[in-house]
Every structure is written in structure tokens, then in C-alpha cells.
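Novice: Here it is, the structure in full.
The values are calculated or read from the model by the stated rules, or taken from the named source; none is laboratory data. Here the structure is a predicted model, which means the values were calculated and not measured. All Cβ positions, even for glycine, are placed from backbone atoms using ideal geometry, and neighbour counts span all protein chains on display. For the accessible areas, the whole protein counts, side chains as well, though only heavy atoms, and no ligand, DNA or RNA atoms are used. Shrake-Rupley method; radii C 1.70, N 1.55, O 1.52, S 1.80 Å.
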Amino acid sequence: MAAVALGIMLLPLNSTMIGSAPPCIAKSLDVDVSLGAWLIIACLLATVIAQPTLGKLGNRVGHRPMFIAFRCGAHAEQRRAAAQSVRIADWPAIFYIKVPVSRAAVALTLYAIPARLPNAPITRRQFDVWGATALGHALLGLLLDLLLGPRNGWATPKVIGSFVVSIICAVLSVMQERRQPEPVVHLQFFRNLH
């Protein structure tokens, strides 16, 4: 439980840490503060879009390897950020807390979580690339609409175009998932109202 909790904790930790940094990041990179705020949005977009696909990939290759790979990946990114930063106390330092948390999560995962869980067997069926792609584009379009609509106006061509693409991709995703033996998102979950 501690291994999973530490890994899950990194997501809200990222959001709250980077939430305090946009003004400093914008000043450091010499960009507008509103552009710096897109860093938070980019993190959230990446999480929302990747979560269903990576969960399904975990079913295919095993959840422990996926969990460790992404915690190690987060660690590696922070080492790169640290190497590129000039001052230790500047904005890249907000990410340093991820290093010990990531290491602890990986160590506990290797120690406590079996490579294969008996109630979650690894499937060898083909991964639904088209369903994952359509779902990702649908979510991206919807989130961009919700972010850009209030700022640029709901009737602007970009917002309308993004909304149309999102709807088309959502319909394609549902059509694809209905005929897949191993869909990225099992649609029957939405039938359960309890």
C-alpha cells in the first residue's frame, strides 16, 4: 500500500509544486506569465490523456514495470532539470522533492509488489492503438475547449474547431471500443449506475 501511495502522491505533488512557480518560470524563460501558466495545464493534459492508455498497457506488459518505468522517468527528468539549473534555490528546486519520493516508491514497489498479480493476469491480446489515439484526441480537444473558451471566446474558430474534432474523435473512440475484445476503456463500466 505504501508503494502505491507514494507513486500516486507524485501527481498531486507535481500540480501543487508547479502551481507556485509560473511567475518565476516565466521570468526565467522571458515569456508572458499567462504562457507560464500553460505549464500547469500541460501537466494536467498529459495526465488525463495518458492515464487510460498507460493503464491498458500495464495490463499488457505488467503494472509493476509500467509503474517503475514512469517513476524512474520522473526522476530522470528532474536530474536533467537540476543539471541545467544555475542556482540551487531557483524554480527548478521545487522539483527536487520528487527525487526521494520516486526512489522510495520504486524501492518499495520492487520489494512489496509481485511482478504478476494473481487477480490481474497479463494479457497478450493486441493493444488497441486506434481506440487509444481517438480517446486521447477527444480528451485533448475537450480540455482545450474548456481552457480556451473562457479566454478567447466560445465562438472563435479555434474553439469551435477543437470542439468539432473532439466530438468526432469521441464518436470514433466509442465505435472502436465497442468492437474491440480488449478496449482501452470498457464501455460497460458506464452502464453501472450503483
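Novice: Might you work out the accessible area of Ser162 for me, using a 1.4 Å probe with all protein chains in place, and round it to the nearest 10 Å²?
Specialist: About 20 Å², rounded to the nearest 10.
Novice: Next question, about the same structure. What nm value, rounded to one decimal, do you get for the distance between Met1 and Val174 when each label is placed 7 Å out toward the C-beta?
Specialist: Reported label-point gap for Met1 and Val174 is 3.9 nm.
Novice: At 7 Å along Cα-to-Cβ for each site, give me the label-to-label distance between Met9 and Thr133 in nm.
Specialist: 3.9
Novice: Starting from the Cα-Cα distance between Gln51 and His186, subtract it from 0.36 nm times their residue separation and give me the gain in nm to one decimal. Let's see the in-between values first.
Specialist: On the way: separation 135, 0.36 × 135 = 48.60 nm, distance 1.40 nm.
Full extension from Gln51 to His186 adds 47.2 nm.
Novice: Right, another one. Evaluate the distance, in nm, between pseudo-label points positioned 7 Å from the Cα of Trp154 and of Leu39 along their respective Cα→Cβ axes.
Specialist: With each label placed 7 Å out from Cα toward Cβ, I get 3.2 nm.
Novice: Using a 1.4 angstrom probe on the protein heavy atoms only, line up Leu144, Leu45 by accessible area, largest first. Present the calculation step by step, with values, prior to reporting the outcome.
Specialist: Details: Leu144 45, Leu45 25 Å².
The ranking, largest first, comes out as Leu144, Leu45.
Novice: Right, something else. Can you give the FRET efficiency for Asp32 and Tyr96, using 1/(1 + (r/R0)^6), R0 = 35 Å, r = Cβ-Cβ distance, to the nearest 0.05? Provide the component values of the computation, followed by the final result.
Specialist: On the way: r = 26 Å, r/R0 = 0.76.
Efficiency at R0 = 35 Å is approximately 0.85.
Novice: How much accessible surface does His186 have with a 1.4 Å probe, in Å² rounded to 10?
Specialist: Approximately 40 Å² for this residue.
Novice: Suppose accessible area is computed on protein heavy atoms with a 1.4 Å probe; arrange Asp90, Asp30 from highest to lowest. Intermediate results must be reported in sequence, preceding the final value.
Specialist: Working: Asp90 45, Asp30 135 Å².
The ranking, largest first, comes out as Asp30, Asp90.
Novice: Rank Glu177, Glu182 by accessible area, highest first, at a 1.4 Å probe radius?
Specialist: Working: Glu177 10, Glu182 40 Å².
Ranked from most to least accessible, the order is Glu182, Glu177.
Novice: At 1.4 Å probe size, what's the solvent-accessible area of Trp91? Round to the nearest 10 Å².
Specialist: 60
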